[in-house]
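The values are calculated or read from the model by the stated rules, or taken from the named source; none is laboratory data. Nothing here was measured: the structure is a model prediction, and the numbers come from that model. Here Cβ is always computed from backbone atoms with ideal geometry, including for glycine, and neighbour counts include all displayed protein chains.
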Amino acid sequence: MCGIVAYVGERTAYPILIKGLQRLEYRGYDSAGIALINNETKVYKCKGKVRDLENHSKGQDINGSIGMGHTRWATHGEPSDINAHPHVSMNGKFTVIHNGIIENYAHLKKELINRNYTFQSETDTEVLANFIESIYLDKKVDAEMAVRLALTKVIGAYGLVISCSDEKEKIIAARKGSPLVIGVGDNEYFLASDATPIVEYTDKVIYMNDEDVAIITRQSLDLKNIQNDQLTPIIQKVELNIEEIDKGDFEHFMLKEIYEQPNSISDTFRGRISIDKTNLFLGGIADVMPKIVSARRIIIIACGTSWHAGLVGEYLFEEYARIPVEVEYASEFRYRNPVINEDDVLIAISQSGETADTLAAIKMAKESGATILGICNVAGSSIPRETDAGVYTHAGIEIGVASTKAFTSQVTVLTMMALLLGKKRNTISDEMYYRLIDGLTEIPKKINDILSTEEDIKEIAKTYQNATNALYLGRGNLFPVALEGALKLKEISYIHAEGYPAAEMKHGPIALIDENMPVFVIATKDKSYEKIVSNIQEVKAREGKVIAIVTKGDEVIKKLADHVIEVPDTHEALAPLLTIVPLQVISYHIAVMRGCNVDQPRNLAKSVTVE
Ligand code: M6R
């Protein structure tokens, strides 16, 4: 959840750290801090954003060509100056920044208090700093050994950067469960939670694995595991353009990413659909295709928006490949004792590829012998490395905390997978196979049509900007769109919103409807169209305000609803890819009108790397 950046080299570290933290701010933004390692170690940290940190460090000594920075998403201890990272051990020997949770911190803290250690903050990270220091002083070992010994006793997850005041020319990094990437330059190294702060300096990166420890100086990189076995670093080329991580002319990343969807969807299917649009190729799962084709069941695990994409996938797989599907929250799945068989296929969906619960669920499922696939966006992230095979979404980096283009790319991949599987299992007719492939290639153009109506959608947003509650209704594969629309609204505008299968409305939520309640109904033409028209009438009969997402030219709903937003016609299997777009746009505008920080909503972080 937190962002980590560090630099060891010849340049001045401060601007690299500040810029890196700005790039990483989407991972956590309640406080920020840096440590600059010179003759002495200078630590500047404060509650608030990176710009507050810049103000805080103005006029201070910011020299030094080795340093580390951190932007925090609080776990232990409220956001405050004191709880911000870096944390320095009691005798000043160790300076530590940390992403993750030290689960046995209370036990370690008690032991340290018994040994007269005192603490400034409420954080688990300060406990770790003191724990490392206590080993260092007791055992009279070097810093690296003290870190490794400490980590063998630590339970939990960490991405760590550590410096020791007696060994100022090096920094030590360690990873377990929280991502760390090393950027390799000429006589310089960078470290970060992801490649975004690194790409403008080098495209050579090393993705650290769990239990790796890196000892970095200007001239050397030594990679080991916690047990002190020597490892060979694998240098990879990072595929990320610097333009991708800028907002360009857009006011917010979220809006930029909404507008990127025609391209991100094309990038997702590019090279995977034959030129004559009669076939699909998914290279990443080709080797395991026989196992997928003969699967008895598909289990989809994910969290948040990715879980909603999974629900759309359920409709697609069952309809076209005729395989039973279960869609599970990773956080629930991993803590029960699910029955997973060898002939099951488990598909983990994750934009970041780092979500702690999804990762843990994969690790648990591995023991069952099931085939495990990933649908991820971030190349080189943990989930693709833990799975047997997978398909990258190629949506490009998503920085807005509210997921938009990741969702449509995930649904695009799931559509291609379901069609391919249907074809191989002979459960889809050739006619339908060709029709849906062709329909998929038309989606980007149709999304552009929807985006050209942004001003009209903004007008509707004005009417509902002061709502306190909202209901989202959809049926079939548009029910997950209702869930996703509601999530978009609540996470960025803080309006309470619920997504429901439209027919369920009568079993409870209808009691909420009055003249103040906006009800978003996803009502494009499909086999349940007549039913959803009835649902709209039921809402209107109770004076609810209906904002309907309809197929272009729909005159019936136009007469019933308070507002309609038209989307181009498409096959109903592909409708989620279109209908979600106006819901993203309206949430965005409502949130902006309410003065909310759209890209950094309160309490949230982009990638949830803690449980
Ligand atoms: O990176 P992941 O797709 O695994 O993340 C899962 C959720 O944390 C994520 O989709 C979250 O719900 C988004 N903020 C929603 O917009």
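Summary of values
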quantity	calculated
Long-range neighbours under 9 Å by Cβ, at least six apart or interchain, first residue closer than 15 Å to residue 160 by Cα within region 183-196, second part of a loop (DSSP other than H, G, I, E, B) and among the polar types (S, T, N, Q)	190/202; 193/178; 193/607; 193/609; 194/352; 194/381; 194/607
Any hit, region 317-340, residues being in the same structural domain as residue 385 (by TED's automatic domain parsing), more than 14 Å from the ligand (Cβ to nearest atom), under 23 Å from residue 2 (Cβ atoms) and surrounded by fewer than 22 Cβ atoms within 10 Å (Cβ to Cβ)	no
Residue match in region 442-457 (condition: part of a helix (DSSP H, G or I) and among the hydroxyl-bearing types (Ser, Thr, Tyr))	no
Residues that are acidic (Asp, Glu) and under 19 Å from the mean Cα position of the chain (by Cα), drawn from region 561-611	599, 611
Listing of strands (runs of 3 or more DSSP E) fully contained in region 1-88 that carry 3 or more residues being farther than 26 Å from residue 357 by Cα and without any contact (Cβ under 8 Å) to a residue 60 or more places away in the chain	41-47
Matching strands (runs of 3 or more DSSP E) fully within region 311-423 where at least 1 residues are among the polar types (S, T, N, Q) and modelled with pLDDT of 95 or more	344-350, 371-376
Selection count, region 80-110, where residues are surrounded by fewer than 16 Cβ atoms within 10 Å (Cβ to Cβ) and either over 31 Å from the mean Cα position of the chain (by Cα) or within 12 Å of residue 2 (Cβ to Cβ) (or both)	4
Matching entry among 183, 177 (being surrounded by 21 or more Cβ atoms within 10 Å (Cβ to Cβ), in the same structural domain as residue 92 (by TED's automatic domain parsing), at positive phi and not hydrophobic (A, V, I, L, M, F, W, C))	177
All positions within region 448-501 that are touching a residue at least 40 places away in the same chain (Cβ under 8 Å) and of a type in the set (D, E, K, R)	449, 454, 456, 458, 462, 475, 484, 488, 491
In region 489-531, residue nearest to the ligand (Cβ to nearest atom) [restricted to those that are outside any helix (DSSP H, G or I) and touching a Phe, Trp or Tyr at 6+ places or on another chain (Cβ under 6 Å)]	499
Any hit, region 249-262, residues being more than 16 Å from the ligand (Cβ to nearest atom), closer than 21 Å to residue 374 by Cβ and within 19 Å of the chain's Cα centre (by Cα)	no
Count of residues meeting criterion [outside any helix (DSSP H, G or I) and either among the small types (Gly, Ala, Ser) or at pLDDT 95 or above (or both)] in region 556-602	14
Odd one out for residue 485, checked against (1) more than 16 Å from the ligand (Cβ to nearest atom); (2) of a type outside the set (Val, Ile, Thr); (3) within 29 Å of residue 269 (Cα to Cα)	(1)
Residue ID - farthest from the ligand (Cβ to nearest atom), chosen from residues in region 458-482 that are in contact with a Ser or Thr (Cβ under 7 Å, 6 or more places away or on another chain) and assigned to a helix (DSSP H, G or I)	476
Lone unmet requirement of (1) over 18 Å from residue 313 (Cα atoms); (2) among the hydrophobic types (A, V, I, L, M, F, W, C); (3) in contact with a Pro (Cβ under 9 Å, 6 or more places away or on another chain) for residue 443	(1)
Filtered residues of region 16-36 (kept if surrounded by fewer than 24 Cβ atoms within 10 Å (Cβ to Cβ) and aliphatic (A, V, I, L, M))	16, 18
Single match in 154, 141 (criterion: closer than 28 Å to residue 13 by Cβ and surrounded by 19 or more Cβ atoms within 10 Å (Cβ to Cβ))	154
Candidates 161, 147, filtered to the one that is buried (at least 22 other Cβ atoms within 10 Å of the Cβ), over 22 Å from the mean Cα position of the chain (by Cα) and part of a helix (DSSP H, G or I)	147
Options 415, 404: the member that is more than 15 Å from the ligand (Cβ to nearest atom) and under 23 Å from the mean Cα position of the chain (by Cα)	415
